[in-house]
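Student: Here it is: the structure, laid out below.
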Amino acid sequence: MTTVTASSAVRAPDGRPFHEDPAVLGFYRDLVEPFGSTVDEQSLRDGRNVFHKDLVDRLVGSEGVDGSADLVIVTHALPDVHPFTAVASHLNMLLGGGAQSFSISEQGLAAPFTALRIIAAYQRGGRSERAALAVLEQTTLPTPHPLVDSGGLVDSGALLVFERGEGLRVGGVESFDDEEATAARLAELTPDGDDGTLIVLGPWVPGQRPEVEARSRRVAPGSYCTSVWLDLAEHWQEWQRDHRRVVLCDTDPLSGRGHLALLTTTDSAAA
């Protein structure tokens, strides 16, 4: 069974001064100008300029996250402000250099849920014993973005280690086409008389039915894709002790699609 065994989290780390790199600015211009957009150099100068590499370095340097891994997945919904670093390879190096490593992006906040599906499949098939999942978010962008411009996002990252064993185990990952289907599934997971389930709602999930809200923990605003994963990284040990089942759920504000991960301490879990 795919089980959480270690974690670390970082929020709003110190940034760095803007460094005017012609290669980076040229890359941005080549990327956006064919589509009628322009690079906003002032946003880059005013931003915190926290690289994905900076987040990974802090996450691995945290207490409790060390040793090696045989599978490393880096996920993000917003791009790195420094586009020329292979961050998954860098994290692999920090964790011993012997892992298969890659990144998942261009999926919005679905990316870490997709990664969890992959990790569970690898471990179910005996292809991984210790996997590391990094969920990264930096907020300095060269062009306008609705969530960064008005969403109050801060730079953040979570690192979760999964091994095969007992504990808070992955019982499934699900996705839904719209908010209504997501809400219906959450209601199914909180039947009357069930006091062992904790629903962890991301900041983008709309208000839920009373029976869901009564058993929910809502993540504070300030993140896009890192939301429920920061909460998991900081609280999985107490959740493992106090709850039979934990449901992580968030809704992508750009697409309306909902995503949830079911974690359980019962013997019925199936990754």
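Student: When only alpha-carbon atoms are used, what values of Rg and Dmax, in angstrom, describe the stretch 1-157?
Tutor: Calculated on Cα positions, Rg and Dmax stand at 16.5, 49 Å.
Student: When the helices in the chain are scored as -39500 (n - 2.57) per DSSP H run of 4 or longer and the sum is shared across all residues, what 222 nm value do you end up with, to the nearest 500 deg cm²/dmol?
Tutor: The per-residue figure over the chain is -8500 deg cm²/dmol.
Student: Turning to a different aspect of this structure: Assigning unit charges at the beta carbon (Lys, Arg +1; Asp, Glu -1) and nothing else, what dipole magnitude in debye, to the nearest 20, does the stretch 85-158 show about its Cα centre?
Tutor: 440
Student: On alpha carbon coordinates alone, what is the Rg over Rh value for the stretch 178-239, Rh being the Kirkwood radius?
Tutor: Numbers: Rg = 11.9 Å, Rh = 12.4 Å.
My calculation puts Rg/Rh at 0.96.
Student: May I have the convex hull volume per residue, in Å³, for the Cα set of the stretch 56-118?
Tutor: 93
Student: With label points built 7 Å along Cα→Cβ from the Cα atoms of Asp149 and Ser62, find their separation and express it in nm.
Tutor: So the label points at Asp149 and Ser62 sit 3.2 nm apart.
Student: To the nearest 20 Debye, how big is the dipole of the stretch 1-100 about its Cα centre, given +1 on the beta carbon of each Lys and Arg and -1 on that of each Asp and Glu?
Tutor: Approximately 180 debye in magnitude.
Student: Next up: Between the stretch 183-257 and the stretch 58-96, what's the alpha-carbon centroid distance in Å?
Tutor: Between the Cα centres of the stretch 183-257 and the stretch 58-96 lies a distance of 26 Å.
Student: Still on this model: What residues qualify as long-range amide H neighbours of Gln100, i.e. H under 5 Å apart, gap of 5 or more or another chain, H built at 1.01 Å from N?
Tutor: HN-HN under 5 Å from Gln100: Leu71, Val72.
Student: If R₀ is 35 angstrom, what is the calculated FRET efficiency for the pair Arg218 and Ala23, using the beta carbon separation as r and rounding to 0.05?
Tutor: 0.25
Student: Where Lys and Arg each count +1 and Asp and Glu each count -1, what net charge lies around Ala187 among other residues with Cβ under 13 Å from its Cβ?
Tutor: Here the charged neighbours net out to -4.
Student: Given the convex hull of the Cα atoms of the stretch 141-187, what is a quarter of its surface area in nm²?
Tutor: For the Cα atoms of the stretch 141-187, the hull's average projected area reads 6.4 nm².
Student: Mind checking which of Thr38, Val4, Tyr28 is farthest towards the positive end of the stretch 1-71's charge dipole, using Cβ charges of +1 (Lys, Arg) and -1 (Asp, Glu) about the Cα centre?
Tutor: Highest projection toward the positive end goes to Val4.
Student: Find, among the trypsin sites (Lys or Arg not before Pro) in the stretch 103-197, those assigned to loop by DSSP (not H, G, I, E, B) with at most 15 other beta-carbon atoms within 10 angstrom.
Tutor: Here the sparse-neighbourhood loop sites are Arg127.
Student: Leaving out ligands, DNA and RNA, what percent of the accessible area of the stretch 100-151 is carbon and sulfur, probe 1.4 Å?
Tutor: 48
Student: Okay, moving on. Please identify the GluC sites (Glu not before Pro) of the stretch 162-271 that satisfy two criteria: DSSP loop assignment and at most 14 other Cβ atoms within 10 Å. Which are they?
Tutor: Glu166
Student: How big is the stretch 82-123 on each of its three principal axes, counting only the C-alpha atoms and giving the largest first in Å?
Tutor: The Cα atoms of the stretch 82-123 stretch 29, 24, 10 Å along their principal axes.
Student: Charges only on Cβ, +1 for Lys and Arg, -1 for Asp and Glu: so what's the dipole of the chain about the Cα centre, in debye to the nearest 20? Please report the intermediate quantities before stating the final value.
Tutor: On the way: 22 positive and 39 negative charges, 120 e Å.
Here the size comes out at about 580 debye.
Student: Could you report the stretch 206-255's accessible area per residue, 1.4 Å probe, as an integer in Å²?
Tutor: Per-residue value: 44 Å².
Student: Follow-up question, since we're still on this one. Per residue and in Å³, how big is the convex hull formed by the alpha-carbon atoms of the chain?
Tutor: Cα-based convex hull of the chain, divided per residue, equals 127 Å³.
Student: Considering only Leu263, Pro206, Gly167, whose Cα is most displaced toward the positive end of the charge dipole of the chain, charges sitting on Cβ of Lys, Arg (+1) and Asp, Glu (-1)?
Tutor: Comparing the listed Cα positions along the dipole, Gly167 ranks first.
Student: Further question: Return, ordered by residue number, the residues of the stretch 94-108 whose backbone nitrogen is under 14 Å from a label point located 7 Å along Cα→Cβ of Lys53.
Tutor: It comes to 94, nothing else.
Student: Further question: Roughly what % of DSSP beta bridges within the chain run antiparallel, to the nearest 5?
Tutor: Here the share of antiparallel DSSP bridges comes out near 65 percent.
Student: Rounded, prolate or oblate for the stretch 117-249? Axes are the square roots of the Cα gyration tensor eigenvalues, ordered a ≥ b ≥ c, and the cut-off for rounded is a/c under 1.5.
Tutor: Taking the square roots of the gyration eigenvalues as a ≥ b ≥ c, the stretch 117-249 is oblate.
The values are calculated or read from the model by the stated rules, or taken from the named source; none is laboratory data. The shown structure was predicted, so the numbers you read here are calculated from the model rather than taken from an experiment. Here the Cβ is made from the backbone with ideal geometry for all residues, glycine too, and neighbour counts use every protein chain on show. What goes into the accessible areas is simple: the full protein's heavy atoms, side chains included, and nothing from ligands, DNA or RNA. Shrake-Rupley method; radii C 1.70, N 1.55, O 1.52, S 1.80 Å.
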